[in-house]
Amino acid sequence: MRGVTQAHDVGTAYGRPAPDPDQRLTSVGPGTPMGEVMRRVWQPVAVTPEPGSPPKPVRLLGEDLILYCDRSGRPGLVEPRCAHRGTTLYYGKAEDDGIRCCYHGWKFATDDGRCIDAPMEPAGTLANIMRNVVQPWYPCLDYHGLTFAYMGPPEHKPPFPTWDALENDLDPENGNGDVIVADDTGYGLGGGTVLNCNWLQVFENVMDPYHVFVLHSTFSVQQFSDAMAVLPEVAWEYTDTGVLTYQDRVLASGQVYRRITECFLPNARIVANVGAGSPDEGYRPGGHVSYVVAIDDTHTTMLSLLRCHTDDDGEAVFPPRATWNGKAWDDLSDHERQTMPGDHEAQTGQGPITSHVTENLGHTDRGVQMVRHRLREMVSAWETGQPMTGLAAGLASVSSVAGNFLLEGAD
Ligand code: FES
Ligand SMILES: [Fe+2]
């Protein structure tokens, strides 16, 4: 007779602690600590719309907003509710110098949100309205095809920082012919355009290089280049703007492939091409500047400025995206995603907002801990009114050492 197998039941799931997300680091709405840290830096909103095109609804840091581009080519970002009687400016129209509401035709300036026309009003009240009525708006600008907005207190607005990784040697006459592509398709997310999870579990992944050897190299199929599939030696360092990691891989040739990945707090990163060493890509400095964009607490996207090669016709060559069984992520079935999981699966698999208190961290999580540590410092600085670090420090430009490099025997 077969006996009943009785598991030793110490440490069962019964009575385990409930998940307890760290709200100070994960919540992004107005007035939350991390939400206010995010609002101290210029955040990308979307690919800048065509001038005069229909207004576009966007959601960023838990706020629903309307993005438009006036006919002069300047982006504008406003609260949807019209300052007159509240219909949405989604049904409005972008004009030369502002956005006009569909209901009674009031127009608000791109420059400062002021009402600059109210066509049905008599002269007396019109002057009064133009003096006093402002549509709630955020300052914004276009940089290489992405609209960036500053959503924080005006007195703390930092200068807009340019990125050396995008500016160096870009002169088409004297440079190398690279062009910048503004991407809103989720390049770098590992599948899909929006992840149904908190921004931090997407962002901190960038300082977790060991997962490349498992998730992307050995667990299912090799998802990146041959060079990327070699087990690296990893080190991490704090920088003035965030955290970086060195990953050294000894290749079959005996050469050392050094990959440097860098994050810029609170939510930007440069991750070099995952096709390192392949004939099309080779080894070169990182030119993909990406922001992990918190739509709200449980939805995240990526907006990127991708430095791309050009083909013989001068057209941008978009960097390769990971495929599985020759299929793009959108074409995979649930079964295939379970068989060949990637970043999308691993990160949404942590839940809508992962719980740090029930984790068990190891040596390989050192970079993740460093990111969280620096973010906590930024939150504390906000709480105590101290100067901010990272991208909130007021840099005019951001420099980076990220990239794929061949250290020995390189041509
Ligand atoms: S509600 Fe917008 S103009 Fe009246
Ligand atoms: Fe990954």
**Prompt:** lysines near Lys157 by alpha-carbon distance under 28 Å, same-chain residues fewer than 8 away left out - which ones?
**Reply:** Lys56, Lys107
**Message:** Please list, ordered by chain and number, the residues whose modelled amide H lies under 5 Å from the amide H of Asp22; skip anything fewer than 5 residues away on the same chain.
**Reply:** His356
**Complete:** Two pseudo-spin positions, 7 Å from Cα along C-beta at Thr218 and at Met120, lie apart in nanometres by 7.0
**Request:** Set the Förster radius R0 to 41 Å, insert the Cβ-Cβ distance between Asp311 and Glu383 as r into 1/(1 + (r/R0)^6), and round the FRET efficiency to 0.05.
**Result:** 0.20
**Item:** Rounded to the nearest 20 debye, dipole of segment 305-395 from Cβ charges on Lys, Arg, Asp, Glu
**Value:** 580
**Prompt:** Taking only C-alpha pairs under 8 Å that are 6+ residues apart, what is the relative contact order of segment 158-406 in percent?
**Reply:** 33
**Prompt:** Which three semi-axes in whole Å describe the equivalent ellipsoid of the chain, each the square root of 5 times a Cα gyration tensor eigenvalue, listed largest first?
**Reply:** 41, 28, 21
**Only Lys, Arg (+1) and Asp, Glu (-1) charged, at Cβ; segment 144-278 dipole about Cα centre in debye** = 460
**Message:** Apply the Karplus curve 6.51 cos²θ - 1.76 cosθ + 1.60, θ = phi - 60°, to the phi angles in segment 57-63 and return the couplings in whole Hz, x for Gly and Pro.
**Reply:** x, 9, 10, 8, 6, x, 10
**Request:** Hey, can you grab everything whose amide H is under 5 Å from the amide H of Gly76? Only 5+ residues off in sequence or another chain; H modelled, so Pro and N-termini drop out.
**Result:** Tyr68, Cys69, Asp70
**Item:** Residues whose placed amide H lies under 5 Å from that of Ala46, excluding near-sequence neighbours
**Value:** Thr147
**Prompt:** Using alpha carbons only, how many degrees (0 to 90, rounded to 10) separate the axis of helix 366-384 from the longest principal axis of the chain?
**Reply:** 30
**Cβ charges +1 (Lys, Arg) and -1 (Asp, Glu), total dipole of segment 347-411, debye** = 220
**Item:** For the chain, the longest site-free run once GluC sites (Glu not before Pro) in DSSP loop states with at most 11 other Cβ atoms within 10 Å are removed
**Value:** 1-172
**Percent of beta bridges antiparallel (DSSP, the chain, rounded to nearest 5)** = 95
**Message:** Taking θ = phi - 60°, what integer Hz values does the Karplus form 6.51 cos²θ - 1.76 cosθ + 1.60 yield along segment 43-53, in sequence order, with x for Gly and Pro?
**Reply:** 10, x, 10, 5, 4, 4, x, 5, x, x, 6
**Message:** Can you tell me the orientation of helix 123-132 relative to the chain, as the angle in degrees between its alpha-carbon axis and the longest Cα principal axis, to the nearest 10?
**Reply:** 30
**Theoretical FRET efficiency, 1/(1+(r/R0)^6), r = Cβ-Cβ of Ala229 and Val194, R0 30 Å, to 0.05** = 0.60
**Fill in**
Given Cβ charges of +1 for Lys and Arg and -1 for Asp and Glu, the option among Val78, Cys140, Gly282 whose Cα lies farthest towards the positive end of the dipole of the chain is Val78
**Asked** Under the Karplus relation 6.51 cos²θ - 1.76 cosθ + 1.60, θ = phi - 60°, what is the ordered set of whole-Hz ³J(HN,Hα) values for segment 213-218, x standing for Gly and Pro?
**Response** 5, 8, 4, 9, 10, 10
**Asked** Picking from Ser253, Phe224, Ala118, whose Cα lies most toward the positive end of the charge dipole for the chain (charges on Cβ: Lys, Arg +1; Asp, Glu -1)?
**Response** Ala118
**Item:** 20 °C / 1.002 mPa s Stokes-Einstein diffusion coefficient of segment 288-411, Kirkwood radius on C-alpha pairs, µm²/s
**Value:** 112
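Values in this text are rule-based calculations from the coordinates and carry no lab data. Owing to the predicted nature of the structure, the values given are computational and were not obtained by experimental measurement. For neighbour counting, all protein chains shown are included, and Cβ atoms are generated from backbone atoms with ideal geometry for every residue, glycine included.
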